[in-house]
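> Sharing a structure here in structure tokens format.
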Ligand SMILES: [Zn+2]
């Protein structure tokens with residue numbers, strides 16, 4: 001199993017070739033965005049956020065947002081190291097924390113300074129409009145994030161989570 005430094009190095013080495021591979025298919029801009037998503041996925045949204053790790057410490061003062069995730073998700077389980085499901089859960093968790101943070105900020109600014117900022121629903125509508133207008137970018141981000149997970153899993157020595165290898169108990173002879 002690779003250590004954090006190896007994962008970081010491999011992510012940084014692989015992100016640009018990954019972006020280049022996307023370029024003929026999705027265009028240069030999407031290729032660059034895909035490379036960035038790959039790097040962000042490997043360095044900040046790594047499957048190893050389920051344990052004390054370099055990606056966790058990269059969140060700095062905000063690393064506490066991953067505390068419930070670490071408590072609830074066992075290390076190297078299906079829910080952190082599972083293809084597709086691992087990244088989907090981390091994105092969902094990050095989105096939930098961002099939404100909560102935005103609501104708190106909105107409330108604080110309104111009550112202390114009388115300022116109003118865009119509501120989460122306005123932000124979501126704007127994000128949706130942008131995503132629908134630029135499907136290649138959305139695809140390149142999704143591919144970049146998930147590809148970084150696959151690199152991580154391959155370096156861990158196995159692309160499948162530990163649960164998937166548990167053999168069913170042998171039946172007792174009758
Ligand atoms: Zn791992």
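> Those residues that are over 16 Å from residue 91 (Cα atoms) and buried (at least 17 other Cβ atoms within 10 Å of the Cβ), I need them from region 53-75; list them, please.
Hit for region 53-75 is 53, nothing else.
> Still on this model: List pairs: first residue in region 112-137 and under 26 Å from residue 27 (Cβ atoms), second residue outside any helix (DSSP H, G or I) anywhere in the structure, Cβ distance under 7 angstrom, at least six positions apart or on different chains.
Matching pairs, first to second residue: 136/27.
> Do we have any residue at all in region 81-94 that's exposed (fewer than 14 other Cβ atoms within 10 Å of the Cβ) and over 14 Å from the mean Cα position of the chain (by Cα)?
no
> Is it the case that region 93-105 has a residue that's closer than 25 Å to residue 155 by Cα and either within 14 Å of the ligand (Cβ to nearest atom) or part of a helix (DSSP H, G or I) (or both)?
Scanning region 93-105, I find at least one residue that is closer than 25 Å to residue 155 by Cα and either within 14 Å of the ligand (Cβ to nearest atom) or part of a helix (DSSP H, G or I) (or both), so the answer is yes.
> Residues that are over 15 Å from residue 141 (Cα atoms) and either more than 15 Å from the ligand (Cβ to nearest atom) or in contact (Cβ under 8 Å) with a residue 40 or more places away in the chain (or both): which helices (runs of 4 or more DSSP H) entirely in region 1-82 hold 2 or more of them?
Output list reads 4-26, 54-58, 67-72, 78-81.
> Hey, another quick one. From the list 100, 105, pick out the single residue that is within 30 Å of residue 46 (Cβ to Cβ) and within 19 Å of the chain's Cα centre (by Cα). Talk me through it step by step, then tell me what you get.
Working: 105 fails: within 19 Å of the chain's Cα centre (by Cα).
None of the others qualify; the one that does is 100.
Bear in mind that the values in this text are calculations on the coordinates, not laboratory data. Values in this document were obtained by computation on a predicted structure and should not be read as measured data. With ideal geometry, Cβ positions are generated from the backbone for all residues, glycine too; neighbour counts draw on all protein chains shown.
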